[in-house]
1. Give the peptides 84-93, 484-493, 159-168 in descending order of average Cβ contacts within 10 Å, highest first.
2. What FRET efficiency, computed as 1/(1 + (r/R0)^6) with R0 = 35 Å and r the Cβ-Cβ distance, is obtained for LYS457 and MET588, rounded to the nearest 0.05?
3. Before I look further, what does region 39-165 give for accessible area per residue, probe 1.4 Å, in whole square angstrom?
4. Between GLU308 and VAL81, with labels modelled 7 Å along Cα→Cβ, what's the label distance in nm to one decimal, could you check?
5. Sequence gap at least 6, Cα distance under 8 Å: using those rules, report the relative contact order of the chain to the nearest whole percent.
6. Of all alpha-carbon pairs in region 423-519, indicate the percentage at a distance above 23 angstrom.
7. Which of ILE518, PRO57, ILE123 sits farthest toward the positive end of the charge dipole of the chain, with +1 on the Cβ of Lys and Arg and -1 on the Cβ of Asp and Glu?
8. With viscosity set to 1.567 mPa s and temperature to 4 °C, compute the Stokes-Einstein D of region 510-610, Rh being the Kirkwood radius across alpha carbon pairs; µm²/s, no decimals.
Amino acid sequence: MHSKTVIYKNEMNEKTMKFIDRYVKRVKGNPPGSCPLVVQLSFLQSARSQSCGKCVPCRDGLLQAEKMLQMIVDGEADQKVLDDMVELCQMIEDTADCAIGYEAARIVLESVELFKDEYMSHINHKRCQAEVGQKIPCISYCPAHVDIPNYIALIGEHRYADAINCIRLDNPFPTACAFICEHPCEEKCRRDFLDSPVNIRGLKKFAVDQISADQVKVPECNVTTGKCVAVIGGGPSGLTAAYYLSLMGHKVVVFEEKDHLGGMLRYGIPNYRLPKDRLDQDIAAILSTGNIEVRYNVEVAKDITMDEIRKEYDAVYISIGAQAGKTVKVPGADADGVYSAVDVLGQIGRGDIPDYTGKRVVVIGGGNVAMDACRSAIRCHAEEVTVVYRRRQIDMTALPSEIQGAIEEGVELLTLNSPLAIQVDENNKVIGFETQPQIISEYRSGRPSVTDAKAEKNVIPCDIVLIAIGQDIISGPFAEYDVNERRKIFTTDSTAKLKSYENIFAGGDCVFGPATVIKAIGAGKVAAINIDEYLGYHHKILGAIDYPEPKENDRRHIGRVHMTDRSARERKKNFEPVENGMTYDEAMQECRKCLRCDHFGCGVVEGGRV
């Protein structure tokens with residue numbers, strides 16, 4: 001890349017980068033049911049309209065690339081047109097003078113790799129792939145594909161028990177998700193075109209606050225099949241699989257390493273975010289199906305071998321999660337006073353609350369685990385709590401509400417500082433945390449990278465360091481069972497089955513790496529369906545719900561009801577729940593905001609199911 005391009009890169013204004021970032025997200029995360037080539041074409045058209053027209057690659061090259069892509073979308077292109085477009089975009093990427101040109105070309109090249117099958121379908125068959133079609137955005141973006149429009153309608157009719165059972169058709173953790181789900185369903189809520197997305201998670205919380213989940217009868221089980229399935233790990237994915245397999249009529253035995261079920265829901269999320277008595281309501285409902293046996297304090301490879309389990313059960317589902325914390329590779333990482341944030345949160349989840357009175361705590365990381373750790377440290381009476389993150393606050397992966405909550409409770413954010421060393425005294429005890437200031441730099445993989453700043457190092461006096469930079473999967477006991485040696489995850493096929501073993505399935509964090517609770521729940525549901533098929537069945541869950549007739553949607557501009565928290569000065573003193581629920585009036589208003597895309601102008605849900 002020539003020097004002029006480098007200069008333009010460095011001087012690129014924020015408006016241009018926001019434009020590019022917005023369309024990168026749109027192309028890579030195009031709505032389910034839309035043709036990614038059409039999304040890419042709209043990006044090229046928008047990029048060309050932003051061009052200043054001074055350089056030929058951008059002015060003329062993008063126009064030619066747009067025409068070629070239009071031919072592909074219309075089914076009028078052959079392989080040569082695609083090859084010519086790729087060659088042209090490579091030239092534009094190398095020679096354009098500004099980001100509008102070279103970033104647009106780069107994203108086209110990425111799309112050719114990312115959506116290769118779709119490009120070839122347009123060239124060879126002159127049409128989109130079969131699975132491309134209109135879908136309901138909120139349902140499509142929920143990893144468990146919960147029927148959101150119908151449960152909102154049920155809440156609006158004050159039928160809270162039916163709303164809970166509607167959620168349970170796809171997600172047996174309505175209460176836990178009401179408290180801590182990251183609500184990806186709201187990202188593409190079409191209400192956003194009018195004013196703002198419906199507060200879907202808030203409505204779910206309103207429903208479970210009206211009637212306890214364990215007081216709502218679960219569906220009846222199918223006729224007993226005589227088959228028995230072993231589930232290794234009693235976290236959200238394992239319990240989800242157990243729930244649906246039980247309703248299908250199979251006997252399920254859950255092997256749980258600890259003395260309580262819940263996995264990271266219990267041992268990773270503090271009580272102030274997810275009260276354990278509320279989590280127990282979901283678990284009690286799951287176990288009430290009657291076909292589930294739980295064996296606590298059983299460690300696979302120590303108390304029972306995988307070979308024994310394989311021989312005794314008709315199928316096995318491994319859902320061990322990611323419950324080990326990663327460490328930071330800096331001098332002093334082995335000092336007295338350095339702990340894994342995951343381990344500390346697990347300790348708190350067991351009811352063993354550490355006393356940080358008078359202690360100065362540093363937390364490394366910018367995700368939700370880091371926020372849970374720093375806010376828990378405040379509740380453990382720490383004198384000072386500082387979060388160290390190497391990027392900007394806006395780049396943190398934690399939910400914005402969690403970051404804001406931490407700041408309100410007195411946590412200091414030290415951003416653009418990279419861990420350098422942990423200072424220790426003569427007894428190897430932590431006395432300080434040394435950081436290297438950073439400056440924001442070039443965009444890589446869709447977000448700006450950082451590089452060392454020419455500035456003096458910072459030293460934060462501290463007594464305790466909590467490391468929250470990621471989680472590991474303890475897959476050692478299963479090393480011979482298709483475990484990726486480098487990433488420590490299981491390798492499965494499209495049906496969640498281990499590639500080398502006929503009757504062993506795996507899912508959740510141990511397959512796709514540490515992710516969200518709702519994604520683990522979705523994986524458990526899919527695994528249950530695939531195991532049922534493997535066992536020779538095709539069961540449907542019993543318990544039909546009479547859904548309300550869709551009402552004419554309310555298109556008046558109405559503000560979004562945001563959830564509120566208890567006062568920071570009060571809530572930081574204990575681990576009691578921090579979030580207030582919706583009032584009746586707020587919940588009914590949010591229910592009226594749903595546009596019922598499942599019936600009006602988007603897609604149709606047949607019989608209440610996708």
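1. Numbers: 84-93: 18.7, 484-493: 14.6, 159-168: 22.6.
Ranking the peptides 84-93, 484-493, 159-168 by packing returns 159-168, 84-93, 484-493.
2. Values: r = 56 Å, r/R0 = 1.59.
With R0 = 35 Å, the Cβ-Cβ based efficiency is 0.05.
3. Working: 5460 Å² over 127 residues.
Roughly 43 Å² per residue, with all protein chains present.
4. Placing both labels 7 Å beyond Cα along the Cβ direction yields 6.4 nm.
5. 16 percent
6. Working: 2650 of 4656 pairs.
So the pairs more than 23 Å apart make up 57 percent of the total in region 423-519.
7. PRO57
8. Values: Rh = 18.6 Å.
Reported coefficient: 70 µm²/s.
The values are calculated or read from the model by the stated rules, or taken from the named source; none is laboratory data. Keep in mind that what you see is a predicted model, and the values were worked out from it rather than measured. Counting neighbours? That spans all protein chains shown, and the Cβs are built from the backbone with ideal geometry, glycine included. Just so you know, the surface numbers come from the protein's heavy atoms only, side chains and all, with ligands and any DNA or RNA stripped out. Shrake-Rupley method; radii C 1.70, N 1.55, O 1.52, S 1.80 Å.
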